[in-house]
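Down below is the structure, laid out as structure tokens.
The values are calculated or read from the model by the stated rules, or taken from the named source; none is laboratory data. Not measured: the values here are computed from a predicted model. Because the Cβ atoms are built from the backbone with ideal geometry, glycine has one as well, and the counts that use them run over all protein chains shown. Just so you know, the surface numbers come from the protein's heavy atoms only, side chains and all, with ligands and any DNA or RNA stripped out. Shrake-Rupley method; radii C 1.70, N 1.55, O 1.52, S 1.80 Å.
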Amino acid sequence: MGTFLDLYGFLIISILQQALLGYSLYFPLMAGQLSLASIGFYSLGGYVAAIMGTHPAFTAWRAALGWCMYPVEWLFALALSVVLGVAVGFPALRLRGIYLALATIAFVQVVNVVVLNMPIAGGAVGIFGIPQAFDSRIAYFWFFGPLLLLTLVFVTRLERVGAGRDFMSIREDELAAGAMGVRTTRSKVAAFTIGCAVAGVTGAMSAPFLNTWNARQGTFDASVACLAYVLIGGSRSKWGPLLGAALLVALPEVLRPLRDSRLILNGLVLVLACVYLPRGLAGITLRRKPEGEGA
């Protein structure tokens, strides 16, 4: 067991980390909003943790707080993500569909340009030597595991209360939801901001896990990968982001013995999943349930 965890510890924690990024897109999608801004907030959260963990200005904080510095970094990343999420959400969420996706991609590019020109962020090189919380990769389960569990519990609870039903009613028909008294703008901004908060805290936890942080953490490719986790796993099931991340993160490693051929098989699996599983991997279990128990 110890050897297995030594070999695959990084992979297991990467699945949890990427699943959390998938959930950061799941919340806006609950309200029918195609946002790709999460990876920008993930990048910002990582920079918050990297700067607070390495910059001389925070030396006294690190000496006084010790290991508790990590939760403080998460709180700073959370606060920054919520404030910026509300500031970006109100104007951006006036757009819909592909226009909203383009606007949020533009936001990610703006974040990258800003951090590349900030000396405190290390420019193009980034920040190295971020203090690690644990000696082994698998021990970072104590970072990502509770956050993932908390997110799943929150999603489950959200689906059963009025706010979550408002999100889903907007997803089904925004005009009808507004006519029924749902405050659509407020609900869309709330869903967007929750996703931003999850992404920001995940970034703050990822900086010590990866030991280095730079602008490559917030690329367009990473945004598309996060969206793929939700769509392949199932955008209407709370298990979708977790299933999608497990498949898409683990598959390249499982196929590694096939060398370059694995890229072809990896792409083939993705195409087949899109064609034959329109409701995602989570849809397989829903099909087996008796009529009326789905969704």
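General observations
- Residues in segment 113-122 that are surrounded by fewer than 19 Cβ atoms within 10 Å (Cβ to Cβ) and touching a residue at least 24 places away in the same chain (Cβ under 8 Å): L116, I120.
- Looking across segment 123-135, the residues that are modelled with pLDDT of 85 or more and surrounded by 13 or more Cβ atoms within 10 Å (Cβ to Cβ) come down to G126, I127, I130, P131, Q132, A133, F134.
- Restricting attention to segment 257-268, the residues being open to solvent by 60 Å² or more (accessible area, probe 1.4 Å) and under 22 Å from G233 (Cα atoms) number 4.
- Boolean, L175 is closer than 25 Å to L243 by Cβ and open to solvent by 20 Å² or more (accessible area, probe 1.4 Å): no
- Residue under evaluation S223, criteria (1) surrounded by 18 or more Cβ atoms within 10 Å (Cβ to Cβ); (2) over 28 Å from A49 (Cβ atoms), criterion not met: (2)
- Residue check for I232: farther than 26 Å from A50 by Cα, in a helix (DSSP H, G or I), open to solvent by 10 Å² or more (accessible area, probe 1.4 Å) and not basic (K, R): yes
- Sub-6 Å Cβ pairs linking a first residue in segment 241-264 that is farther than 25 Å from P28 by Cα and of a type in the set (D, E) to a second residue that is assigned to a helix (DSSP H, G or I) and open to solvent by less than 80 Å² (accessible area, probe 1.4 Å), at least 6 apart or interchain, are E253/L11, ordered by first then second residue.
- Conditions (1) more than 21 Å from the chain's Cα centre (by Cα); (2) modelled with pLDDT of 90 or more: number failed by L150: (1)
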